[in-house]
Every structure is written in structure tokens, then in C-alpha cells.
Amino acid sequence: MSHVLAVLEQREGALRKVSQEVVTGARRLADAMSGEVHALICAAGAVSGTDVAGRCGADKVITATHAGFAQYAPEGYTRAVAERARSGYGAVLFAASAQGKDLAPRVAAQLGVALAADVTDLAVEGGAVIVTRPVFAGKALLKVKVTATPAVVSLRPNVFTPVERPKAGAVETVTVSGDAGRVVVKGIKAAAGGALDVAEAPIVISGGRGLKEPANFKLLEELARAFGGKAAVGASRAVVDAGWRPHGDQVGQTGKTVSPSLYIAVGISGAIQHLAGMRTAKVIVAINKDKDAPIFKVADYGVVGDLFEIVPALTEAVGKLQS
Amino acid sequence: MKIAVCIKRVADSETRVKIAADGKSLDEAGVKFILNPYDEFAVEEALQRKEKAGSGEVVVIACGAAAAQETIRTALAMGADRGVLLETASVPADGLSVARALAAELTDGGFDLILFGKMAIDDYNHQVGPMTAELLGMPCVTCVAHLDIADGKGAAEREVEGGMEEVEFPLPAVLTVDKGLNEPRYPALKGIMAAKKKPLDVKPAALGASGLEVLALTPPPERKEGRIVGEGVAAVPELLNLLRLEAKVL
Amino acid sequence: MSFVPSQFQPPLPVDRLILKEGVEGAGDKMELDVLFVGAGPAGLAGAIELARLAKQDPSVGELNIGVLEKAEALGEHSLSGAVVNPRALRELFPEMKDADFPFRGPVAKEAVYLLTAGGQVRLPTPPTMQNHGNYVASLCEIVRWLGAQAEALGVNVFTGFPAAALLTDGDRVTGVRTAATGLGRDGQPLSSYMAPNDLTAKVTALSEGTRGVLTQAWLEWQRVGSENPQIFALGVKEIWETKRPLDRIIHTLGWPLPTDAFGGSFCYPLEPNLVALGIVVGLDYGDAGLDIHVLLQRLKNHPLFRPYLEGGEMVEWGAKTIPEGGYYALPARRSGDGVVVLGDAAGLVDVPSLKGIHYAMQSGIYAARAIFQGLKSGDTSASRLAEYDRLLNASYVVHDLHRTRNMRLAFKSGFYAGGIKASLMTLTGGRFPGGRIAMHADADAPRRSNAVEPFTPDGKLTFSKVDAVFKAGNSTRDTIPSHLVVGQDVSPEVARFYTHLCPAGVYEEVDGKLRVNAPNCVDCKATDVLGPRWTPREGGSGPKYKRM
């Protein structure tokens, strides 16, 4: 029997959504180890929304408080998490978020154990934690057995879908003493201008030659707006070369590699060099008038037909859905 | 300014990945190896910091196979002063092993800055830099996309979800750098000539035990055959339903 | 409708390619003793031989030898069949055995077929095409190996630096200027801009490979002619990982080529399940709609090849021209004041035996010997470097080309008549028909525009040009200025001709106008022969061949 420590995140005193995924992953491990899930969160005081951790399967939620923990404090957090982890856990789980990618290696180093980072699958076999993680830009999967104890693992965001597994979620607060550390986060400056980069956007809508002329990209921009600031507009090499769109928007081998949760290819035939830049998208939608276009071979969902009719209809439908 | 840059020799990301006969590693036949692109930003930053300071030394350190000497020469050709290869037949999957070897080399080095790329494009481990910092007991900021240094103190910006985190830290420090920090230079002809004469020490890497055992390297599952939802505008409601209920992306 | 390509071809921009030494615009300057332009088999063999001579005879002191290469890394712009005759490697490395060379394996079995659309007839292997004692190899791998040998001898190999112009002083070649890096599409410097470098040397060896741009400029500038103009073929090649092993090298003639085109295909096993497959077609073909990339795609569907390839994976694609003019197209001299011309740049290819690599290396070896004598005597003038021409003329290289001097030229009259004449030439040791068959340049051969049968690739066995370029590893920066010089008033008919000619999809006819997708270019030089001129661009651009 081993317990699992799930390391949660807060921002401005509220639990971050990605933490539910960590609790869900931890629950899966704890069940296989016949242990409990203890969720740990570093904060300056009470954190709102931690009750959701109990709903996702945490037996206990521990808030480690320190006056210097309002913002992420790399060294203070590391000390707090490592100290707790040393009290005897079979595994310590993080989200491979911006914070988790920074914190997990520090904690692992403090514990003197390996870190299996950014994993997409997690299991226990013969008492050992086995993880799968994408390597070589998603072109291969590495299956690894964690031989060190505790098994320190970070989970790729958006992979471990939160599952409701209500547990007691007993609440505990511990006060962290000492210094918050030499590295001090002053704050978070919001991303400028709202225009999302295609490489970062959770939804990418790309256009190709099928749009016929540069002005028609406004159809895609309208669709992007309908998604409420989560979508960016990309372009194929052909239209970038033709000067219709800036080079920074190009998706493909010589442009940007994107892996959004949703990629919508509009009027793009699907040359390999374009596919190379978007094939790791979670879900691919293709809209093209040519039913034989190679893009349909990689698309999860295809719509054959006139994009000049389909895209506005989609924009309208998405708009209704979002409101 | 005395700066160390820890670099890695990696398979080019354009490489088509073929699994070796052991089922656990990359088949290296026909694979091109390059200096990890994020490490190029680190080397460039080190060179610019040294140039700005007017004096100092830039030392590049790699942990890897003998062939990584080529990679070190690339960094020397860009302008680094000397190189160290911590040689090992293969780089272990456990980043902490590598961090231990690097820390053993870096400790007592008297460096003002120790720079890394934020991650390697082969293993996506994202961890050797901060682990090394912890082993050395040095302050560390990861994924630095903007950097100001003055009077023994640094201010950095790093990308987080929805914005840029502003961080302050004292020197000496370990930083891992992101793209956008600078524009790496190409090696100049004179740099390439000079690189041949720059010192490059080769010593065995003190890796220690690995806490990760590689079981298998496999190709990702084929994308399952997609389907044509329908034709024209009539297909839009069904498409939206599938995205919401089946794919769960909306 | 018919037209003559040369009427639409712009002249070679000689004023940009021949510069006075010291002209402004350069960043770094570097002085070398000897500079080889192009790290192919010719340049690297020359550099190796020269470095060895200098080590054996220290009287000239330490030589500073440089090799410039436009590819980002060694071998990435090298492409050949290839079945290699080991003769020159043996001469260059007398202490080594064949097993030490970077070959994939000896030629065990070989077969020649005449193809029809659905079948094949096995032919007796012509004497010129017998490959017993030769080796299957990847030229990329040979070049990487030679590069390592050269560097171990202290040669400076600079990859990613294309030579963009010859530096001159009077009639003397004094070095080269490299291409600038970091220009925007409008030709203005970006923040990553690096100025050209001037490299000066006592001798500049042009080992640029096929259709070398500085070689062309030097020949034109110095008015060095040849009895026949040089002619070219274009080869398009793929590498396949196959499910079914291949145990022999295969050559084919006939289908899918029209009878008025000269060429054939090859299929060589690098490993039993790793196969190089390609097609080579002379650029004097008559049908303006002929598309050599598409011919290779069609060839793969032939019952001779399809069973090997089906279920396998195309892992690499590439294209390159081959100088085919042979003996009568050799430049009257391959040396001048401060300069020598080697290998493919000089046209040292024997078409009937499909060989050029060992001639290229041999020319490098002879050039090194002549250069070394020149350096020893402190004289690298034209008369001193003419020793290179003497060595080459007296060697098996020129002898081999002389023996087959009219064989390729005979095919000007079509495949079957050519085949008969070629057989007679083989029987008579090259004496039939006597004299020289005159030839005009490929660009002067008229083209007919016929209806073109469309071809739709299936993405599994056959591929579009855009996909092919991806498989060439081409990741040229999209925003570099166009390096292709297009003629004035290109008619839609000629635009379509370029579209079919270019295997990499650089040219497209869109609404009657020519569109140029310059970053697609894989430096094969086909349109440099028949249309738009190729000029050097930013280092590291173009393909990244691995096992071509």
C-alpha cells in the first residue's frame, strides 16, 4: 500500500483546472497501489475550488501556506512539496503545465529520484509505475518503468480527462516556515493584444488556396472570433508564398508546428509538408470541395463542399453554441 | 562574465523516426544530428552577455557520445571559448543522471551564469536545467524568453498559460532559455577556423544510477481513419455534435 | 505548336559572377593556399591528395587548404545512382582495402531489361554496362566519409557557404566571394544578415558539380569552348524501404520514355530492403509536356518494380542533372591562370557505363598533383596548371570518354536507330562511324506542345512534386530572395514547359502566367539548362539528402 501525492496549482487563490487532471491521474495510481490520494497545494491562504479535488478522488487536501506563496515561489514550493513527499509516498504527480515543468524537476532533484515528464499514459504493473511519454515531436512513444521511489511524474495537460470519483476530501492546512526563496515571481503580465499565436492557440483554423483570394480570410477570422478568443488563424505555405498571409501564420514543415486540441483545415489540399506541421493536433477537421484531397486521409471529420457556404454556417452555429 | 552553456547533440526534428532493432531506441542510420535548437539560443545569449560585459569566458559542456564533439565545435564556431565533453556511450533517459554529471563538472567553476535550452527536441525532458540548479543549490529560472541583467541581479520573463510571468533573481544563477530570447548567429568562416584550435576536454561522465528503465520505443498509433461527416452546409450541425460529444473539444 | 527554349532563356549573369578582387561588399576576408569550390567527390579527393602531398614533402610548408560547400552539412547536395568503380579510391588510399571504403556492397547480380507498358524483355548486359567488381553506394555517404578523411588531414571544410562569384585580377582567378546570408524577400538585410566573405587562394579548383555556375561563367569569360556544347540529362531518384528484398542491380530502357527521348531507369539495392530507384532522361527530348518526375511515378507501377515497392515506404526523394556530352563536350582546357575545373563541372561523365564518381575523384587527384608542383615552384599560372590537363588527357579518364565519344550523341536520332549505332560503336571500339557527331545545346532543341495526360498521385506508391520536395528534406527559409533568373515574356506554353521540366514544383503556370516557388528548388539545375538561370543563394538552402 502506497499513497500518492498530487501537487495542485492555484492562480490568484483559485484552483487551476489542470489540477483536476492531476487528481484524476493520482486516483488511478492510488487505486492500483491500494493507497490514498493526498492533494497538496501551495498558497498564501485558503484556495477556492479545492472541493473539486475531493470530487475527483482526493482523500485529503492539504494547503501549505506561506505569506510568500501568493505567486509561484519556485524554491519555497520545492521545499514544501519535497518535505511532504519525504513523509512516504509511492508516487508524486504534477501537471506538466508551465509551473509543473518548473517545479517537478526541482522536487525530483531534491528527493534524489528520476522524473518521468509530460506523460500521456500511466499504469502500475508489478508494483512499478509504468508511463508512456511522446518523444521526437510526437513521432514516437517511449514506454518507461520508473524504478525509483517515489515515482515522480508530470502529466501532459488535456490528456487525463477529469473523472468524478468522490472521496472524503478531508481538509488540512499546514504552515510553511522559512524563506520563500531567492527567485521571486513579481506577477503575470497578460498576453498582449489578444491575437493568439498559431503555435499556442488551443484552436487553429488554417486556410489554403481554396480561399481563392486574401480578402476571403475574413471568413476564417470571423470563425475564430466565434470561438471566443481561443482560436488563431493559420495558413498553408502556398498562400503565404503568394503573400496573402504573413509568414508567422504558416503551418507546416517550414512554418510552425502546432498541436492544438482542434485544427480546422479550410481549402487546404494537405501536402505532406503541411501535414508535418499539424498532424499532432488532437482533432482535425477538413473542409474541402475535392473529396479526394489528401487532407481527408488525416482528418477525423471531413466536410465536402463549398467552403464559402460551409464556413459561415459553421461560424453561426459555433456562435450560438458559445453564447 | 564567466558563463557555462550546457548543450546536447540531438537527432534533427525533421528526422523520420525509425525504431532500432532493440525496440527501445532510435535507429540512427541516415539520421542527421544537430545542436539542440533551444541550446543555440543559450549559446547566443552567453556570447552576447560576454560581448556586452567586455570580458569573460563562455564554456560549452555537453554530456553525450564521442560524436557530440562535433556539436561542441559548432558552439565553438559560433564563438564559445572552450568545450568539455562528458562522454557516455548513450544519454540515459533519466535526466537526473545527466544533471549529476553536469553538476559535478560545474561545481567550483565560478560561473556567473549557467545556461541551458529549455528542453531537448529529442526527449522533451524539460528537466536537466532545474535539476542541475537544485544539485548546485543555485537559483534557477526556466523558459526565459526575455532577460535583463544588471548589478548582480536579473529580471526575466517566462511564458505561462495566458501571459508572461515576471521573475527576479540574484546571480549567479541557472537559466533555461526559450526561443524568442535572441536570434542565434550562424558560425562565421573565421569562427569555424578558430574553433578547430580551441580547447575541448573529453572526460567520462559521472552519471550514477538511472531511475528510469526504458521498456519500449514505439511509433505513435496511426490516426484512425477519419470520416466524411457529410456534404455542404447540411453537415454543419452533425459536425458540431461530433466535436462536442464524441471528440469533446468544444 | 512548337518553340525553341533558348529563345526564352536569359543570358548567364556573368557580370554578377565574375568580380574584380577587392570590389566592395565583403565582410570577412580569408587567405588560403588552395580553395576547392564544392565538397563532392572531386573537390574532396583533390583536397585529400593535396594535403597528403604536403605532408610527404614539407618543402612547401604547411598548406592552408579550404573546401567550400553550399549544403548545410556534407553530402546533403550529393546525389548519384550509384554503382561506383573503386579505382580512384584505391589510388587515393593505397593503404586501404575495398572493405574500408564507404560502399554498401559489391555488385553481385545485374540485369538489363527493355520495358514495354506492361511487360519486359531481358537483354544481354552491354559490355559498357557490366559492373562486376564495382560497388553499390550512396554518394552522400561517400562524401561524408571523404570529408572526415579530409578534415583529419587538416583540410578546412566550410559547409553552408555557397561560392557566389569568382574574384579575379586580369585573367587570373584569385578566389571566390560567398553568398550573403539573411536577406529578406526584397533583398534587404534582416537582423540575421551576414555579409559575403572573400576567400582568396593561389589556386581555385572549381569542383562545383553538374552545371556549375562559376564554371560556366569562367568558360564564357575566358572564351574556353568545346567541340560540341555540353548536354545534360535529368535524373530523379527515390529511396524506398521495401518489404521484398532485391538481390541485383537493374537497368531498364524503353517505357515509360517516348522513343525520341534518351534515357532509362536504374534500381540498386543499398541493402536488400533499402532500394534506390531512379530515372534519367536527356534534356533534348521533344515533347514539351514530358515530366521526368511523373515518368518515375509511372515507372513504379510497372510489374517489374511494383511488387518490390508495394507496402514499402518512400523515405527520400531527389533530383540532379548529369553532364552527358562526353568527350566532345569537354572544355578545350580545364585549367587557367590560378584555376582548374574538376569532375562533373568539367563534364567527366561516361554515359554508356553510367559512371562519373571515380572520374571526378581521379580529376581531383591529378589537379592536386599539378597544383602541388605549381606551389613548389611558386608558379600557379595557366601554363603551370596546364599540367593538370596533360595528366588528365593521358589518363584512363579521357581515354574512356574517347572510346565512347559518339555513343550518347547517336541517340539524337531516336532510341532504336541510336541503339543500333551504339552497338556498332561498341564493336568497333568507338571507331564507327568516324569523326564527330555534331550536337546542338539542349536549349536549342525544338519542343512540341502536345496534350498532356494528367497524372494523379495516390500518396502511397506515387507522389506529387510538393510531397517529393518534402522528402528531399528541403526546408529552405521561405523568405529568401528568389535565386532564379527568369527570361522576359515567358509565354503560357513555355511556362507549362517549365512546370513539367522542374521536378520540384518550383514553376507553376497560373492563369497563363509563370509563378516561381523558389524555396522549393533542390539545385538540380534542369531549368538552368533549358530556361530560368540558377544562381547561388543563402547557405544551407535546398535539399538535405541523407542516403542519395
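The values are calculated or read from the model by the stated rules, or taken from the named source; none is laboratory data. Just so you know, these numbers come straight off a predicted model, no measurement behind them. Backbone-built Cβ (ideal geometry, glycine too); neighbour counts: all protein chains shown.
Note on the range C:481-490: residues that are buried (at least 18 other Cβ atoms within 10 Å of the Cβ) and closer than 26 Å to A:ALA271 by Cα amount to 2. Screening the range A:292-301 for residues that are within 7 Å of chain B (Cβ to nearest Cβ) and either within 25 Å of the chain's Cα centre (by Cα) or assigned to a loop (DSSP other than H, G, I, E, B) (or both) and picking the one that is farthest from B:LEU240 (Cα to Cα) gives A:VAL298. Annotation note: Cβ proximity below 8 Å between a residue of the range C:295-306 that is under 16 Å from C:ALA468 (Cβ atoms) and a residue that is in a helix (DSSP H, G or I) (sequence gap 6+ or interchain) occurs for C:LYS300/C:ARG306; C:LYS300/C:LEU309.
Of all the residues that make up the range B:175-206, how many are touching a Ser or Thr at 6+ places or on another chain (Cβ under 7 Å) and at the interface with another protein chain (Cβ under 10 Å from one of its Cβ atoms)?
So the count comes out to 4.
Considering the range C:136-172, and only residues there that are assigned to a strand (DSSP E or B) and in contact with a helix residue (DSSP H, G or I) (Cβ under 7 Å, 6 or more places away or on another chain), the residue that is surrounded by the most Cβ atoms within 10 Å (Cβ to Cβ) turns out to be C:ALA163.
Working only within the range C:204-261, note down all residues that are of a type in the set (Phe, Trp, Tyr), assigned to a strand (DSSP E or B) and either touching a Gly at 6+ places or on another chain (Cβ under 6 Å) or over 22 Å from C:ASP350 (Cα atoms) (or both).
Across the range C:204-261, the qualifying residue is only C:TRP240.
Can you tell me which residue among A:ASP102, A:ASP118, A:ASP59 is at pLDDT 95 or above and closer than 21 Å to B:THR176 by Cβ?
The match here is A:ASP102.
Residue pairs whose Cβ atoms lie under 7 Å apart, sitting 6 or more positions apart in sequence or on different chains, and linking a residue in the range B:84-96 that is in contact (Cβ under 8 Å) with a residue 40 or more places away in the chain to a partner that is in a loop (DSSP other than H, G, I, E, B) and of a type in the set (S, T, N, Q), are B:PRO92/B:SER210; B:ALA93/B:SER210; B:ASP94/B:SER210. Scanning the range A:3-12 for residues that are at pLDDT 95 or above and of a type outside the set (A, V, I, L, M) yields a count of 3.
How many residues does the range C:491-514 hold that are buried (at least 23 other Cβ atoms within 10 Å of the Cβ) and touching a residue at least 40 places away in the same chain (Cβ under 8 Å)?
Residues of the range C:491-514 buried (at least 23 other Cβ atoms within 10 Å of the Cβ): C:494, C:497-498, C:501-504, C:506-507.
Then keep just the ones that are touching a residue at least 40 places away in the same chain (Cβ under 8 Å); that gives C:494, C:497, C:501, C:503-504.
Count: 5.
Total residues in the range B:77-104 satisfying the condition of being basic (Lys, Arg) and not in a helix (DSSP H, G or I): the figure is 1. Selection of the range A:279-290 for residues being modelled with pLDDT under 90 and either assigned to a strand (DSSP E or B) or not β-branched (Val, Ile, Thr) (or both) yields A:ARG279, A:ALA281, A:LYS282.
A quick yes/no check of all residues on (1) within 12 Å of chain A (Cβ to nearest Cβ); (2) out of contact with any Leu (no Cβ under 8 Å at 6 or more places or on another chain); (3) touching a residue at least 12 places away in the same chain (Cβ under 8 Å):
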| residue | (1), (2), (3) |
| --- | --- |
| B:VAL98 | yes, no, yes |
| B:GLU105 | no, no, yes |
| B:GLY110 | no, yes, yes |
| B:MET131 | yes, no, yes |
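Just checking, which of A:VAL163, A:VAL129, A:VAL174 is of a type in the set (A, V, I, L, M, F, W, C), surrounded by 16 or more Cβ atoms within 10 Å (Cβ to Cβ) and either touching a helix residue (DSSP H, G or I) at 6+ places or on another chain (Cβ under 8 Å) or more than 11 Å from every other protein chain (Cβ to nearest Cβ) (or both)?
Within the list A:VAL163, A:VAL129, A:VAL174, the selection yields A:VAL129.
Of all residues in the range C:351-369, at least one satisfies being among the aromatic types (Phe, Trp, Tyr), surrounded by 20 or more Cβ atoms within 10 Å (Cβ to Cβ) and modelled with pLDDT of 95 or more. In the range A:135-150, the residues that are facing another protein chain (nearest Cβ under 7 Å) form Cβ pairs under 9 Å with partners that are at pLDDT 95 or above and assigned to a helix (DSSP H, G or I), at six or more places apart or across chains, as follows: A:ALA148/A:ALA108; A:ALA148/A:LEU111; A:ALA148/B:LEU96.
Residue under question is A:GLY90, and the condition is that it be without any contact (Cβ under 8 Å) to a residue 40 or more places away in the chain and over 15 Å from the mean Cα position of the chain (by Cα); does it hold? Taking the combined requirement at face value, the residue does not satisfy it.
Criterion first (facing chain B (nearest Cβ under 10 Å), within 30 Å of A:LYS282 (Cα to Cα) and either surrounded by 19 or more Cβ atoms within 10 Å (Cβ to Cβ) or small (Gly, Ala, Ser) (or both)) does A:ALA201 satisfy it? No; evaluated as a whole, the condition is false for this residue. Can you tell which of B:ALA46, B:ALA11, B:ALA80, B:ALA29 is within 14 Å of chain A (Cβ to nearest Cβ) and under 30 Å from A:LYS256 (Cα atoms)? None of the other options fit; the residue is B:ALA11. State all residues of the range B:139-153 that are more than 8 Å from chain A (Cβ to nearest Cβ) and either touching a His at 6+ places or on another chain (Cβ under 8 Å) or crowded, with 22+ Cβ neighbours inside 10 Å (or both); if no residue qualifies, say none. Of everything in the range B:139-153, just one residue is more than 8 Å from chain A (Cβ to nearest Cβ) and either touching a His at 6+ places or on another chain (Cβ under 8 Å) or crowded, with 22+ Cβ neighbours inside 10 Å (or both), namely B:VAL144. Answer yes or no: is there a residue in the range B:43-51 that is in contact with a Leu (Cβ under 6 Å, 6 or more places away or on another chain) and among the aliphatic types (A, V, I, L, M). Yes, the conditions are met somewhere in the range B:43-51. Say whether the condition of being farther than 25 Å from C:LEU299 by Cα and surrounded by 19 or more Cβ atoms within 10 Å (Cβ to Cβ) is met by at least one residue in the range C:457-475. Looking for residues that are farther than 25 Å from C:LEU299 by Cα and surrounded by 19 or more Cβ atoms within 10 Å (Cβ to Cβ), one finds at least one in the range C:457-475, hence yes.
Are there any helices (runs of 4 or more DSSP H) wholly within the range C:362-461 with 3 or more residues that are under 24 Å from the mean Cα position of the chain (by Cα) and within 25 Å of C:LYS55 (Cα to Cα), and if so which?
Details: elements: C:382-393, C:396-403, C:407-410, C:415-427.
So the answer is C:382-393.
Go through the range A:142-179 and give me each residue that's of a type in the set (Lys, Arg) and over 24 Å from the mean Cα position of the chain (by Cα). Show your work before the answer.
To start, the set of residues in the range A:142-179 that are of a type in the set (Lys, Arg) comprises A:143, A:145, A:156, A:165, A:167.
Selection gives A:LYS167 alone.
Consider the range C:447-485 and keep the residues that are among the aliphatic types (A, V, I, L, M) and under 30 Å from C:GLN188 (Cα atoms). The one that is farthest from the other protein chains (Cβ to nearest Cβ) is C:VAL485. Between a first residue in the range B:49-67 that is surrounded by fewer than 13 Cβ atoms within 10 Å (Cβ to Cβ) and a second residue that is part of a strand (DSSP E or B) and not small (Gly, Ala, Ser), which pairs have beta carbons less than 7 Å apart while being 6 or more apart in sequence or on different chains? Short answer, once both residue conditions are applied: B:ALA66/B:GLU87; B:ALA67/B:ARG9; B:ALA67/B:PHE33.
Of all residues in the range A:116-126, how many are charged (D, E, K, R) and more than 9 Å from every other protein chain (Cβ to nearest Cβ)? Even if it seems obvious, please write down each step before you answer.
We begin by selecting, within the range A:116-126, every residue charged (D, E, K, R); these are A:118, A:121, A:125.
Adding the requirement that they be more than 9 Å from every other protein chain (Cβ to nearest Cβ) leaves A:121, A:125.
Matching residues across the range A:116-126 total 2.
Would you confirm whether or not the range C:43-51 contains a residue that is among the small types (Gly, Ala, Ser) and surrounded by fewer than 24 Cβ atoms within 10 Å (Cβ to Cβ)? Yes: one or more hits.
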